[in-house]
Amino acid sequence: MTRITPRTAVMDYGDKRTLPLAITAREIAEDICREINSDAGEHSFLGVFVCAGDAPTEEELKNAQEKLDEFYRALVVAADREWERSHSFLFIHDLQRRAAARLGLEKEWHYQARETEECPGCGDRVKPGVAVCKSCHAILNREKALELGLIQPPPPEATAQRQRGAEKGKD
């Protein structure tokens, strides 16, 4: 909550005459709210409002929350339309994602940051558990790469040599 106090502005006529203008605290506060709430586009409401008294009443808070939820629902509808058209995360903005999260909606377009690992071969970021690096083609998970047919199994004699070497190391 931010307390706003009245101010006096001066209008300069340009001929050495001035006119003092009183600006009420409510006018200043409403102007600030209009500026903040309009940052998200036409008919936007980001939850900033002017209360009637020194502190907002339960009814004012309830009305502001309803108005914010209504705005969030409109953002989600717009994001759904865009997703249907493009299926691109690039066209869904953060405020739409925040709206879906606030309303508790799980949407396909609600991008979630994914963990990545560094490829030991080239240093590029890769998803955990990938078989082969898409950049340098380093084999990151031999068993998975074999399962997917991305690499050929070693010849039987190479496997036998590896096993003999492993047994020798145990002695």
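With a cut-off of at most 15 other beta carbons within 10 Å, and DSSP calling the residue loop, which trypsin sites (Lys or Arg not before Pro) in region 87-136 qualify? Please list them. When the trypsin sites (Lys or Arg not before Pro) of region 87-136 are filtered for loop state and at most 15 Cβ neighbours within 10 Å, 114, 134 remain.
Restriction of the GluC sites (Glu not before Pro) in region 4-100 to DSSP coil positions whose beta-carbon has at most 10 other beta-carbons within 10 angstrom yields 42. If you stretched the chain out fully between residue 19 and residue 135, how much longer would it get, using 0.36 nm times the residue separation minus the C-alpha to C-alpha distance? My answer for the length gained is 34.8 nm.
Relative to the current alpha-carbon distance between residue 81 and residue 39, full extension at 0.36 nm per residue lengthens the span by 13.0 nm. Taking 0.36 nm per residue of separation and subtracting the Cα-Cα distance, full extension of the segment from residue 4 to residue 59 would add 17.7 nm. What trypsin sites (Lys or Arg not before Pro) in region 1-60 are in a loop by DSSP, with at most 16 other Cβ atoms within 10 Å of the Cβ? When the trypsin sites (Lys or Arg not before Pro) of region 1-60 are filtered for loop state and at most 16 Cβ neighbours within 10 Å, 3, 16, 17 remain. Structural size metrics of region 114-153, computed from C-alpha coordinates, are Rg and Dmax of 9.9, 31 Å. The lysine pair tally for the chain, using Cα distances under 27 Å and a gap of 8 or more places or different chains, is 5.
With a ≥ b ≥ c taken as the square roots of the eigenvalues of the C-alpha gyration tensor of region 7-102, please select rounded if a/c is under 1.5 and otherwise prolate if a/b is larger than b/c or oblate if it is not? Oblate, because a/c is 1.5 or more while a/b does not exceed b/c. For residue 124, the residues 5 or more places off, or on other chains, whose built amide H falls under 5 Å of its own are 119. Cβ distances below 4.7 Å define possible disulfide partners, and in the chain the cysteines left without one are 33, 51. In plain terms, if you count all Cα to Cα distances in the chain and split them into 5 Å steps from zero, the share in each step is 1, 7, 9, 9, 9, 9, 8, 7, 6, 6, 6, 5, 4, 4, 3, 3, 2, 1, 1, 1, 0 percent. Relative contact order for region 1-157 using alpha-carbon pairs under 8 Å, separation at least 6, rounded to a whole percent? Value for region 1-157: 9 percent.
Bear in mind that the values in this text are calculations on the coordinates, not laboratory data. Owing to the predicted nature of the structure, the values given are computational and were not obtained by experimental measurement. FYI the Cβ positions are ideal-geometry reconstructions off the backbone, even for glycines, and counts take in every protein chain you see.
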